[in-house]
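Colleague: Here's a structure for you.
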Amino acid sequence: MKKKVAFYTAGCRLNQSETAVLTDRFTRMGYQKVAYGEPTDLLVLNTCSVTENAEADCRRVIRRTLRHSPQAFVAVTGCYAQTGLNTLQHLPGVDLVLGNQYKMLLPDYLEEMSHVQKRSLTFVRHSGSMSREDFVQDGVGEYATTRANLKIQDGCNFMCSFCLIPFARGRERSRLSDDAVREAERLVERGHRELVLTGVNIGRFANGSGGILDLIQRLEAIPGLARIRISSIEPTTIPDALLQYMSTSRKLCRFLHVPLQSGHDGILSAMNRRYSVKEYRAWVERAVQKIPDVCVGTDVLVGFPGETDDQFAATCELVRDLPLAYAHVFSYSARPGTPAARLGHPVPHAEIKIRNQRLSELSRSKRARFYQQFLDRDCQVLFESVGKDGLWTGLTDNFIRVSVASSGSLANQLRRVRLTGVMEHAALGKLADADTPRPGRVPIPVFQSFEKEAVGPLPA
Ligand code: SF4
């Protein structure tokens, strides 16, 4: 009988992309994947350490799994495994802790152990330093979603004062282009029509074959691939040539998620961000001017130590003024070992909560306003899944979530839709092309679950 493996992924899109590749490799090794929460022989926990909550969540997942599967072998990897080794290696029920340097070797370690059985001692493979070499990544991500992530980069050199990622994932390095293209081709063969380029600081992607624009141009040549989307990208790393390219490309989505973090220069400086408010403003305005109908979204961190009411008000004002389509709002959480954790003047939790709610509310109204611009217009929607309400939903290239009624499956189809209304989380539309399958389409997998958009910690 096949051994069962359950995966639990916390945190960002990059973690998701790595779990997807691990899933593929375990499947090829003969494991049967089961949903998290079902009885299992092996739990692979790909952790996050962006907040205290994320870490507590990981510990809860282990306890919960051992309650229904006391004999399950528990393998913990990811950022919490990297930064919280001392806690995890003494946690009852943990059998294996792998630091980030060794994450993608997890299947090999388990194969070496030959018996995935609970152990009296925790096996640890961990290194304080991480490779700085450009890399290849064996395998092809296994996704149950229309869109697939493609990891192209890892690590970060920027050292923002609140961020643990440079400690958890090391210095920046890039995937070799040939290897990224190889996985992309395989993902497209499997039916994925949109790829999301993923990394910690993807604007810093650079290897002997060029930068991110060179890679995008190679990916564009893959037959059957309809869309390439860039995930979060730092404002100081976006070349003008990329904006130019986005404005005319057939496949590169008109979408930019560019973390702001604060709308006050004093806080930006304390965060060790590399731009001023004026520069950020100019950058967003340039992008919107160059790329028709582009969706520009952002991340904002509220409650950074010492953030005053006036400084928070400046952030709200900037977000309100700029042509941003939405803001993902995160509450500051001190991460031991970071420079920000040593700053005084913490903002009280209750106040952080209020600030988060106020900006989140502003983000909701900005998103609705962005959607409203497209009412009565036609757009191309790549459909993903059907919801409990029976409506099919998908995304436009500029990140409008659209729901439509359809008598047949729309899974993985790119269809023309006329937008007719705006609901809280999506726009409503109706199919504007004939509601019949077109010949020559890629075979259509049916994806039943919704993909989450606002996953992930601040960066990446
Ligand atoms: S916030 Fe982003 S850019 Fe800054 S250190 Fe963290 S990963 Fe790097």
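The values are calculated or read from the model by the stated rules, or taken from the named source; none is laboratory data. None of these values were measured; they are calculated from a predicted model. Reconstructed Cβ throughout: ideal geometry from the backbone, glycine too, with neighbour counts over all protein chains shown. Side chains included, ligands, DNA and RNA excluded: accessible areas come from the protein's heavy atoms. Shrake-Rupley method; radii C 1.70, N 1.55, O 1.52, S 1.80 Å.
Colleague: Can you list residues from other chains, or at least 5 along the same chain, whose modelled amide H is less than 5 Å from the amide H of Q32?
Modeller: Result for Q32 returns K3, K4, V5.
Colleague: I've got another one for you. Which translational diffusion coefficient, to the nearest whole µm²/s, is obtained for region 172-312 from the Stokes-Einstein equation, given a Kirkwood hydrodynamic radius over C-alpha pairs, 10 °C and 1.306 mPa s?
Modeller: 97 µm²/s
Colleague: Isolated Cys in the chain by the 4.7 Å beta carbon test?
Modeller: Flagged as lacking a Cys partner: C12, C48, C58, C79, C156, C253, C295, C316, C379.
Colleague: Okay, moving on. Loop-only check: which trypsin sites (Lys or Arg not before Pro) in region 1-81 are DSSP coil with at most 16 other Cβ within 10 angstrom?
Modeller: Taking region 1-81 and a limit of 16 other Cβ atoms within 10 Å, the loop trypsin sites (Lys or Arg not before Pro) found are K2, K3.
Colleague: Starting at the first residue of region 130-147, write each ³J(HN,Hα) from the Karplus equation 6.51 cos²θ - 1.76 cosθ + 1.60 with θ = phi - 60°, in whole Hz, x for Gly and Pro.
Modeller: Values per residue, Gly and Pro as x: 10, 4, 9, 6, 4, 9, 10, 9, 5, x, 9, x, 9, 10, 9, 10, 4, 8 Hz.
Colleague: Counting helices only, and only those DSSP H runs with n ≥ 4, report the 222 nm mean residue ellipticity of the chain as the sum of -39,500 (n - 2.57) divided by its residues, in deg cm²/dmol to the nearest 500.
Modeller: -9500 deg cm²/dmol
Colleague: Then there is this: Between R416 and T236, what is the FRET efficiency for a Förster distance of 41 Å, r being their Cβ-Cβ separation, to the nearest 0.05?
Modeller: That pair, R416 with T236, gives E of 0.65.
Colleague: Please report Rg over Rh for region 311-418, where both radii come from the alpha carbon positions and Rh follows the Kirkwood definition.
Modeller: 1.14
Colleague: Can you run the Rg to Rh ratio on region 265-341? Use alpha carbon positions and the Kirkwood inverse-distance Rh.
Modeller: Radius of gyration relative to Kirkwood radius: 1.00.
Colleague: Give me the orientation-averaged projected area of the Cα convex hull of region 303-365, in nm², one decimal.
Modeller: Computing the convex hull of the Cα atoms and averaging its projections yields 4.4 nm².
Colleague: Ok, one more. What is the diffusion coefficient of region 4-125 in µm²/s, taking the Kirkwood radius over Cα pairs and the Stokes-Einstein relation at 4 °C with a viscosity of 1.567 mPa s?
Modeller: Estimated diffusion coefficient is 93 µm²/s.
Colleague: Which value, in Å², gives the accessible area per residue of region 389-438 when a 1.4 Å probe is used on the protein heavy atoms?
Modeller: Per-residue accessible area for region 389-438 comes out at 42 Å².
Colleague: Give me Rg over Rh for region 254-293, both radii from the alpha carbons and Rh done the Kirkwood way, two decimal places.
Modeller: The Rg/Rh ratio comes out at 1.04.
Colleague: A further question follows. Measure off, as a whole percent, the carbon and sulfur share of the 1.4 Å-probe accessible area of the chain, all protein chains present.
Modeller: 50 percent
Colleague: Using alpha carbons only, how many angstrom separate the centre of region 75-109 from the centre of region 135-212?
Modeller: Result: 21 Å between the Cα centres.
Colleague: E361 versus Q373, label points 7 Å from Cα toward the beta carbon: distance in nm?
Modeller: For E361 paired with Q373, the spin-label model returns 2.5 nm.
Colleague: Now a separate question. Mind listing P(r) for region 81-174? All alpha-carbon pairs, 10 Å bins, whole percents.
Modeller: Per 10 Å bin, starting at zero, the Cα-Cα P(r) for region 81-174 comes out as 14, 36, 35, 15, 0 percent.
Colleague: With a bin width of 20 angstrom, please list the P(r) values of the chain as percents of all Cα-Cα pairs, from the 0 bin to the one holding the largest distance.
Modeller: Values per bin, smallest distances first: 24, 57, 19, 0.
Colleague: Right, something else. Out of residues 5 or more away from T298 or on other chains, whose amide H comes under 5 Å of its own, with H placed 1.01 Å from N in the peptide plane?
Modeller: The answer is V258, Y326, A327, H328.
Colleague: Still on this structure: Could I have the simple spin-label model distance between K118 and K388, label points 7 Å from Cα toward Cβ, reported in nm to one decimal?
Modeller: 3.5 nm
Colleague: Tell me, what is the 1.4 Å probe accessible area of Y143, in Å² to the nearest 10?
Modeller: Per-residue accessible area (Y143): approximately 40 Å².
Colleague: Report the accessible area of S131, computed with a 1.4 Å probe over the heavy atoms of all protein chains in place, in Å² rounded to the nearest 10.
Modeller: 40 Å²
Colleague: If you average 1/r across every pair of different Cα atoms in region 70-229 and take the reciprocal, what Kirkwood value do you get, in Å?
Modeller: After inverting the mean inverse Cα-Cα distance, the result is 17.3 Å.
Colleague: In sequence order, what are the phi-derived ³J(HN,Hα) couplings for region 319-336 according to the Karplus relation 6.51 cos²θ - 1.76 cosθ + 1.60 with θ = phi - 60°, rounded to whole Hz, with x for glycine and proline?
Modeller: Going residue by residue, I get 4, 5, 6, 6, x, 8, 8, 5, 9, 7, 10, 10, 8, 4, 9, 5, 10, x Hz, with x marking Gly and Pro.
Colleague: Inverting the mean 1/r over all pairs of different Cα atoms, compute the Kirkwood radius of region 129-219 and quote it in Å.
Modeller: Computed over region 129-219, the radius equals 13.7 Å.
Colleague: Of R132, R415, R125, which has the most accessible area and how do the rest follow, probe 1.4 Å?
Modeller: R132, R125, R415
Colleague: Would you kindly derive the ³J(HN,Hα) couplings of region 286-294 from the backbone phi angles with the Karplus curve 6.51 cos²θ - 1.76 cosθ + 1.60 (θ = phi - 60°), listing them in order in whole Hz, with x for Gly and Pro?
Modeller: So the J values, rounded to whole Hz, are 5, 4, 5, 6, 6, 10, x, 6, 5.
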